[in-house]
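Take a look at the structure below.
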Amino acid sequence: MNTPHRHRMISRCALALALFASGCDTGGGADAPGATGGARPVPDAAGGSVAEGGTPVPDAGPHPDAGVATGGLERSAGRMQVAQLRRSIEVVTGGLTWEEDFGNGPVRMLDALGPTMGEPDYLLVTEENLEPSLIVAKFVQDASQRVCTKWVAAETGKAAADRTLVRHDGAFDSRDAAEVRTALRTLQLRFFARFVPEGAAGEAALAPLYELFETAASTSVPGREARDGWLAVCIALMSDPEFVVY
């Protein structure tokens, strides 16, 4: 390579390095006081942003995660995992589970039916299918009938302080409207963590369950009125989609 051509190449390389260094200084010095590569945005009186030199900063729009702080972030509803459903039933009922005895000892049915309900076996299936389905709804209905029957039978004759299903100060078989509604409020809190206040708004929210209780109790055989009323309420709450979908 001749000398003039080599000089031109050296000059071009030096110019490129200088431009590259200038670009790095401009980006990295934007936050430094007095830097000329970029002005630091500061809040203005109206809640927007302006540069330190007074130039408005364009609004970039809401942050993708802005809904997290405001409660506006939404997601699709999904059902509980089988393990979560199993544990929720135990917590709500004070330790009861769905068990059947086919002659070889009790079988925990939600364990046995787990793969059918979408639970992974980690051999062929490694991810749980959480899509709501008719087969899941059917087994939840079966579980609610078996568990609620045991729950009502265990509560019958217990003192008020020892009951977990019928929580009011009266006797278990009381059909007093005020006492029934008190127990229904407690069940809403127990199943759904929903506080139902007293007053007109609370009465309206409890009306369907209270009507169910009265219908089941009034059509029951003598001596089982309240028992069948609470059985109907328990099955309705445990098989409610809101109990398994969140």
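Structure values in brief
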{"item": "Under 11 Å, Cβ to Cβ, from Asp169 - net charge with Lys/Arg +1 and Asp/Glu -1", "result": "0"}
{"item": "Overall form of region 117-246 per C-alpha gyration tensor (a/c, 1.5; a/b vs b/c)", "result": "prolate"}
{"item": "For region 96-110, Karplus couplings with θ = phi - 60° (6.51, -1.76, 1.60), whole Hz, Gly/Pro x", "result": "7, 9, 8, 10, 10, 10, 9, x, 10, x, x, 10, 6, 5, 5"}
{"item": "Full-stretch length increase - Phe192, Tyr122 - with 0.36 nm per residue and alpha-carbon distance subtracted", "result": "22.1 nm"}
{"item": "Approximate spin-label separation Asp240-Ala207, in nm, with each point projected 7 Å along Cα-to-Cβ", "result": "1.6"}
{"item": "Modelled FRET efficiency - R0 35 Å, Ser76 with Val221, Cβ distances, 0.05 increments", "result": "0.20"}
{"item": "Kirkwood estimate for region 190-246, i.e. one over the average of 1/r between Cα atoms, Å", "result": "12.4"}
{"item": "Extension gain, Ser88 back to Asp111 (0.36 nm per residue minus Cα-Cα distance, nm)", "result": "6.9 nm"}
{"item": "Nonlocal amide H pairs with Phe172, under 5 Å, H built at 1.01 Å", "result": "Gly157"}
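No lab work stands behind these numbers, since they all come straight from the coordinates. What you see is a predicted model; the values in this text were computed from it and never measured. Glycine gets a Cβ as well: all are built from the backbone with ideal geometry, and neighbour counts include every protein chain shown.
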